[in-house]
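Taking it in order: structure first as structure tokens, then the write-up.
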Amino acid sequence: MSPSRISLSFLFLLAIFTVQEAAISRISFPIAGFSLFLAVLIGMMALEDRTGAIALGFIGGLILDLSPTSNSPVGQWALVLTIVGYVIGTNRESIGDFTTRPGAFVLFVALATALTLLLSLILGALIGDQAGTLGRNVIVILGNTLWTFLFAPLFLPVLSLLRKSMLTSRERI
């Protein structure tokens, strides 16, 4: 991942995070909320190679850690999303190319956001973070997965086209 793509990705994720905090988080979704930022970040990581996925995970985690609305300890989201980026990047060959299978891409992003939230919950419990009751956490994870599954077909094709336009000629080979 080139330095220019890292800076463009950071600015794009910052814009998505601003939309998330200013608009999406104000909407009262039935069941639980929806994290556009997390879904877009997972989608971007799924389209990258190993180093790109890890870098995006770390950048996205830093943005979430520095959020004024974050209740988690500083560094927890960076660690969680870096681990998720590593797992996605390492298994990229076995997952396959998502540009030819949009249904699988939507399903992957929805399930990966659920597993990311679960990993964050487990890591928070290990460091002594009070995250609420088990029943409420399960409802939040299932609700976020449902809304991600429903909304992902709207923004994932745009995300694929945006990533393709940001590639340099060397990266297209």
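The values are calculated or read from the model by the stated rules, or taken from the named source; none is laboratory data. Quick caveat, the model's predicted, so the values are computed rather than measured. Cβ: placed from backbone, ideal geometry, glycine included. Neighbour counts: every protein chain shown.
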Open item on the list: Give me the residue from region 142-152 that is touching a residue at least 40 places away in the same chain (Cβ under 8 Å) and crowded, with 16+ Cβ neighbours inside 10 Å and, out of that set, nearest to LEU115 (Cα to Cα).
Closed with: ASN144
- [ ] Say whether the condition of being at pLDDT 90 or above, of a type in the set (A, V, I, L, M) and in contact with a Ser or Thr (Cβ under 6 Å, 6 or more places away or on another chain) is met by at least one residue in region 15-32.
- [x] no
Task: When residues of region 70-84 are limited to those that are of a type outside the set (A, V, I, L, M) and in a helix (DSSP H, G or I), the one modelled with the highest pLDDT - done: THR82
TODO: Please give the number of the condition GLY128 fails out of (1) closer than 18 Å to SER70 by Cα; (2) touching a Leu at 6+ places or on another chain (Cβ under 8 Å); (3) not in a helix (DSSP H, G or I).
DONE: (2)
Task: Odd one out for THR113, checked against (1) more than 29 Å from VAL74 (Cα to Cα); (2) in a helix (DSSP H, G or I) - done: (1)
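Rundown of residues vs (1) buried (at least 17 other Cβ atoms within 10 Å of the Cβ); (2) of a type in the set (D, E, K, R); (3) under 22 Å from MET1 (Cα atoms), yes/no style:
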position: GLN76; (1), (2), (3): yes, no, no
position: LEU81; (1), (2), (3): yes, no, yes
position: ARG92; (1), (2), (3): yes, yes, yes
position: GLY96; (1), (2), (3): no, no, yes
position: LEU111; (1), (2), (3): no, no, no
position: GLY135; (1), (2), (3): no, no, no
position: LEU154; (1), (2), (3): no, no, no
position: PRO157; (1), (2), (3): no, no, yes
position: SER165; (1), (2), (3): no, no, yes
TODO: Please go through region 72-108 and pick out each residue that is of a type outside the set (Gly, Ala, Ser) and without any contact (Cβ under 8 Å) to a residue 12 or more places away in the chain.
DONE: VAL74, VAL87, ASN91, GLU93, ASP97, THR100, ARG101
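Quick one: in region 98-109, which of the residues that are β-branched (Val, Ile, Thr) and surrounded by fewer than 18 Cβ atoms within 10 Å (Cβ to Cβ) is nearest to ASP129 (Cα to Cα)?
Step one: of region 98-109, the residues β-branched (Val, Ile, Thr) are 99-100, 106, 109.
Filter once more, keeping what is surrounded by fewer than 18 Cβ atoms within 10 Å (Cβ to Cβ): 99-100.
Numbers: THR99: 38, THR100: 41 Å.
Checking each candidate, the answer is THR99.
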